[in-house]
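Here the structure is laid out as structure tokens; the discussion comes afterwards.
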Amino acid sequence: MKGLILKDLYQIRSSMLGMVIAVFVMLAVWCGDTTGESAFLLNYAAFLLGVIPAFLISYDIAYGWIDYSFGLPLDKKQLVGEKYLLGLLAVAVVEVLTVVAYGIAYFLHGVQHGPSLGFMMVEIVTVILLVNSIFMPLAYRFGSERSRVVYILMFAVYGAVLGASGKMLPGSSGEMVSLAQLQNSAAVTPAKVMLALLPIALVLYAVSWRVSVAWYGRYKK
């Protein structure tokens, strides 16, 4: 298992270094923002880091690693389980970076802007687990090219939701308020929705692993 993780870390360093640097640039921009209007950057950066295991599966298929892996003294549960373990590690890294980003922003500006930290942490875990749970087994079964359509669709939906969170909606007293301002109100509580979805995402992630094991290497069939 350690060898598989090390292999993927080398793959990230050689093929995804630019993306990782872009993520840190987006986090830096968010930390320096004083308006609280750049929450999309924080969400986008977290999303990119969180779905790295899905990108790695695409590289494994493209470079023939999956065919090669059948000659190794490893079973499918280990080969697939490493990607899912890496997915959990990616979530942990994203959570730590989110906390650090909020800490830096608070240190720079003295106030917290944008969505609350608790809401962001729950949202990040839930969204990343759901996306990986859907995309990874599809990639193992149908290959990265055909599954990329599903990934693009999920990415578009997530982007639309994030974009909508910055739109202005009419408040009960007639003034205009954003969804981010409503998240802790009695009428609209996205945090409660995310908390309800989190255990579902965890169960789906476990089920997804079993499906991926069954579909491992079948993308050519």
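Label separation (F40 vs I5): 3.6 nm, computed from points 7 Å beyond Cα along the C-beta direction. The residues D67, D8, sorted by heavy-atom accessible surface at 1.4 Å with ligands and nucleic acids left out, run D67, D8 from largest to smallest. Applying 0.36 nm per residue to the separation of A92 and V25 and subtracting their alpha-carbon distance, the gain on full extension is 22.2 nm.
I104 exposes around 80 Å² of accessible area when a 1.4 Å probe is run over every protein chain in place. The distance between label points at Y106 and Y63 comes to 4.0 nm (points 7 Å beyond Cα on the Cα→Cβ vector). Modelled label positions at L117 and L198, each set 7 Å beyond Cα in the direction of Cβ, lie 1.5 nm from each other.
The values are calculated or read from the model by the stated rules, or taken from the named source; none is laboratory data. On a predicted model such as this, the values are computed, not experimentally measured, just so you know. Heads up, the Cβs are rebuilt from the backbone with ideal geometry, glycines too, and the neighbour counts pull from every protein chain shown. Heavy atoms of the whole protein, side chains included, go into the accessibility calculation; ligands, DNA and RNA do not. Shrake-Rupley method; radii C 1.70, N 1.55, O 1.52, S 1.80 Å.
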